[in-house]
Structure formats: C-alpha cells, structure tokens
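Taking it in order: structure first as structure tokens, then the write-up.
The values are calculated or read from the model by the stated rules, or taken from the named source; none is laboratory data. If you're wondering where the values come from, they're calculated on a predicted model, not measured in any experiment. Cβ coordinates were reconstructed from backbone atoms using ideal geometry, including for glycine residues, and neighbour counts include every protein chain displayed. Just the protein is used for accessible areas: all its heavy atoms, side chains included, with ligands, DNA and RNA removed. Shrake-Rupley method; radii C 1.70, N 1.55, O 1.52, S 1.80 Å.
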Amino acid sequence: GQLPTWLQGILLRNGPGMHTIGDSKYNHWFDGMALLHSFTFKNGEVYYRSKYLRSDTYNCNIEANRIVVSEFGTMAYPDPCKNIFAKAFTYLSHTIPEFTDNCLINIMKAGDEFYATGETNFIRKINPQTLETLEKVDYNKYVAVNLATSHPHYDSAGNVLNMGTSIVDKGKTKYLLFKIPSSVPEQEKKKSCFKHLEVVCSIPSRSLLHPSYYHSFGITENYIIFIEQPFRLDIVKMATAYIRGVSWASCLAYNKDDKTWFHFIDRKTKKEVPTKFYTDAMVFFHHINAYEEDGHIVFDIIAYTDNSLYDMFYLKNLGKDFEENVKLTSIPTCKRFVVPLQYDKDAVVDSNLVTLPSTATAVKQKDGSIYCQPEILCEGIELPRINYDYNGKKYKYVFATEVQWSPVPTKIAKFNTQTKEMLHWGQDDCWPSEPVFVPSPDAKEEDDGVVLTCVVKTDPKDPPFLLVMDAKTFTELGRATVNVEMHMDLHGMFIPQQDVKTGTE
C-alpha cells in the first residue's frame, strides 16, 4: 500500500518482552522485562528497531542470570542486590519496599525528552531514535509518591500532569496530583524539568492502609477527575509480602460490596468539589475522555464488574490453548457518567439531577451525596485512544482494540460515541495492539488522519506487521511487514518528526 507523504516521525511502543532469565521464569505477563520497539516513518518508508530497556533491574537480572528483582506478580529472593534487612519493613520509618525500574507500560514526553514509564516511582529516560536507555529518574526525590500512573495528561502548554500515591507519609496516605513543567527558566537550562515539579493538590485516601489502585485519571478544561475504586492495595500485606513469600499482586483485593467514589478537583482553585459523588463497585483501568457541558462533567471509562482481567495474564494461563481456556468473567463495558456539578441545592431527595439528554442518572440521597448510574455506550473494547487534540473536550471517536471474552484483542474498532456506530478491522490469526491516532497536518475534522497498530500473527511462522489505516473510513492504506519476532505490547505514542531532537541519526 501507500503511506501518506505527511506521515513522518516515530511510533514508539513499550511492553513486556522477556519472561525467562536463566532457569527462572516470571509468573505474570505484566512482569516481563521491558522491550521498546519503534517504527520510523521517513519519506514513505518504514524502519523497525527494538531494544530491551537497560534498567537496573534488567542489568541485575542478566548479571545473575536469574530473576533477582521482584516485580508485581513475581517475588524474587534472596536478592543479591539488597540485604534482607534493607527489605524488612519497619513501622517506625514507614519504609515501603524498594520497587523495580522495569518501566514496561508506556512512554511519556516531558519537555523535549522521552521516558519509559511503569507504575512505580521510577521512570527511565530513553533516546527515541536509538532506543538507548539513559538516566533513571526517581519521582520520590521531587514528590512524595511511591506509585505513579503510566497515563499522564498533557495540557495545552505541554506541561505533564500526573497522579501518584503517597503511602503512609507522615501518618497519612494520599493521592497527589503533580505537574512537570514543559520547560525550565532560561538561567536554569542545565537543570531538569523535574526540579520544578509542583504538587497541584492532594486527596486523602479513604483508608490509611488500603489505598485504591488506579491506572489512569481524567481531565477536562477546568477539572481533574479521580476515581477511588474498591480495588485496593493492602499496605501491611504488601510490606510483609517479602517475608511471607508472596507476590505484591496478592495484596490487591476487590470489594464488590463497596462504593466507587468520584473526586473532582478544580484546576484553578486546586480544591476538591465538596459534594460526594459515588457509584457502585467496579474495577477499571482506562479513562477514555471527559468534558464539561451545561454545568455537568461527562466522562467515559472502560469498566469491569470484577478484577479477573489481571488474573488472566498469569503465564500459567497463557498456554497454547489459552484462547479457549481463558475467559473473562466480566466483559469490558464502556460507561458514560454524567455528573451535575451545578444543580438545584433544593432538589428533592431521590430526584435525578442530570438535565442533559442521557440515560445516565445522578440521584440525590438523603445525606446530600449523589449516586450516579452510567449510560452504557458499548461493550467489548479496551486500550482506548482518541484524537488527543480533543482531550478534555466534547468528542466523537474512540479508537480501541476489540476484546470479547478473551483478554487478547482480535480486532480494532472505531466507535462513534454519539451515534453508537462501530467500524471494525480484523483478519484471521491477527492480534492487533492499541491503535494510535495521528492527525493529518491540515485536519478539519476529528477523524482526519491515520490509525497505526502493530499486528502480531498467532502463527509464529507468519511475520508481524505495522498496519496503517485511514481513520475516517477505517480502511487499510498500507502495511509494513517486519521479519522479526515481535511481542504483544501495551502502550506507546507517535512522535512527529519535528519533536524528535535532531541528534545522532
């Protein structure tokens, strides 16, 4: 096929790539050593490159020829890099276990620089052209967080907004929203943008020792949306996991009888909206988008009724027949919540305060709190992406992978949130990855551009390929076949040519 001449830049992706080191094996797919790979578009041609992230974790493991650094689903010991006392938990100093820098989930842009990210306090700077691993950044040096999301947001000025959890710091557990500026003052050019990191606000956890797990958060023009779900980390269990010989993943628990709380932070005042909004128990990983309309916040997420998704990816479940054997017990559901921030304070109890045309409701309770029920937009999509120019604004299109009862995607989809129409692309024996939308330079409409996805074939003898699709018609424009073994990845980003620092070619 033909690629549009304007498509110039790098599609950079990240995900777990190595699951066996020497005689040792990871328990969980999400634990594997991070493997970066990239497709560079230059004058209608595509160049492929892949390289393991040379994290401290990777280097320690390779040197020992076995897994010596613990990951979320795999506890490793004894760890020759650390003595057991350094690992032992003491309430006195509130030490949290030392986490891995195997940043295998996503790519983040901060200033002119790119970082591989995971969910711990470590990120690794990388060269997007050569995929070389550069310095390690510890968020904890700049902000008191032990965990941070891999799905930051970028504001119109290019600043990074992200959230992290601060565990039992000064006797409190809280969620922190922080901002990394896109540039530093001229006189401090040698300093990193992290030195100017600022905490925007903090939200106390509802429980000191059971903070909520979260993978992403939402943003509109004026608000940050944080969802505190009853899928929680047990800090005491986590602190003693090493001694008990269990993985950190076993310290996560879902309480289906609990509530899910919505927090809205005003970006200007940095204060939380005082009204208590909640919905039923759910587990979710990905926000899609959010916007404001007539005094309401509308936000779309992909939610589950249980936490079976994580369990699917234990490697013992990913054998040769796993498509037949491994079934999700809860199908991913795209839910739209409509939350009235401005409503009649004298409204009667049990009345629905939503005035927008939607089947979503927000019902006033006796105690003044508001119980929200979503509108179901569609089912069976995951790894959602949008045209990021519409982030925080009213939008139409979601590009996503399509999953039915198996957690591995067999198709990609374009979903219209307004008409509920869905277009699909799929072929036999193909597993596509998260679709990334790239707008065309002269885009007039939201879906003017292309969608990029890496496709792995189920038969190892068939080579994988990069698929380039017209985002409007959702038809194939071209594909670049790569004669290497390619891994299923998680997330990534497209870096336009002008954003790649002209360094070594």
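Residue separation of ALA443 and THR458 scaled by 0.36 nm, minus their Cα-Cα distance, works out to 1.9 nm of gained length. Pairs LYS420/LYS472; LYS125/LYS172; LYS109/LYS179: which exceed 21 Å Cα-Cα? Exceeds cut-off: LYS125/LYS172.
Express the carbon and sulfur contribution to the solvent-accessible surface of the stretch 219-364 as a percent, rounded to the nearest whole number, probe 1.4 angstrom.
Taking all protein chains in place, the stretch 219-364 shows 51 percent carbon and sulfur surface.
Rounded to two decimal places and with Rh computed the Kirkwood way over Cα pairs, what is Rg over Rh for the chain? My calculation of the ratio gives 0.94. A helix-only calculation puts the chain at -1500 deg cm²/dmol for mean residue ellipticity at 222 nm, using -39500 (n - 2.57) for each DSSP H run of at least four residues, averaged over all residues.
Net charge near PRO374: determine it from the other residues with C-beta under 12 Å of the C-beta of PRO374, scoring Lys and Arg +1 and Asp and Glu -1. Neighbourhood net charge equals -1.
Based on the alpha-carbon gyration tensor of the stretch 383-428 and its eigenvalue square roots a ≥ b ≥ c, which shape applies: rounded if a/c is under 1.5, prolate if not and a/b is larger than b/c, or oblate? Since a/c reaches 1.5 and a/b is larger than b/c, the shape of the stretch 383-428 is classed as prolate. Overall, the accessible surface of the stretch 386-462 at a probe of 1.4 angstrom is composed of carbon and sulfur to the extent of 48 percent.
In order along the stretch 240-256, phi translates into HN-Hα couplings of 9, 4, 4, 5, 7, x, 10, 7, 5, 4, 6, 8, 9, 9, 10, 10, 6 Hz, rounded to whole numbers, per the Karplus curve 6.51 cos²θ - 1.76 cosθ + 1.60 with θ = phi - 60° and x for Gly and Pro. With R₀ fixed at 56 Å, the C-beta to C-beta distance from SER351 to ASN59 puts the FRET efficiency at about 0.40. Sticking with the crude label model, points 7 Å out along Cα→Cβ, report the distance from LEU209 to GLU293 in nm, one decimal please. That separation, rounded to one decimal, is 4.5 nm.
The aspartates and glutamates within cross-link reach of LYS136, meaning a Cα-to-Cα straight distance under 12 Å and a gap of 8 or more places when in the same chain, are ASP56, ASP101. Phi angles of the stretch 365-377 translate, via the Karplus equation with coefficients 6.51, -1.76, 1.60 and θ = phi - 60°, into HN-Hα couplings of 9, 4, 7, x, 6, 10, 9, 9, 10, x, 8, 8, 7 Hz per residue; Gly and Pro are given as x.
Counting only DSSP beta bridges whose two residues both lie in the chain, roughly 100 percent are antiparallel.
Counting only residues at least eight positions apart within a chain, or on another chain, the lysines with an alpha carbon under 29 Å from that of LYS366 are LYS174, LYS256, LYS259, LYS270, LYS271, LYS276, LYS335, LYS345. Computed extension gain for LYS170 through SER24, at 0.36 nm per residue and net of the alpha carbon distance, reaches 48.7 nm. Rounded to the nearest Hz, the phi-derived 3J(HN,Hα) couplings of the stretch 102-111 under the Karplus curve 6.51 cos²θ - 1.76 cosθ + 1.60 (θ = phi - 60°) are 7, 7, 10, 9, 8, 10, 10, 9, 10, x, where x marks glycine and proline.
Solvent-accessible area per residue in the stretch 9-499 equals 42 Å², computed with a 1.4 angstrom probe and all protein chains kept.
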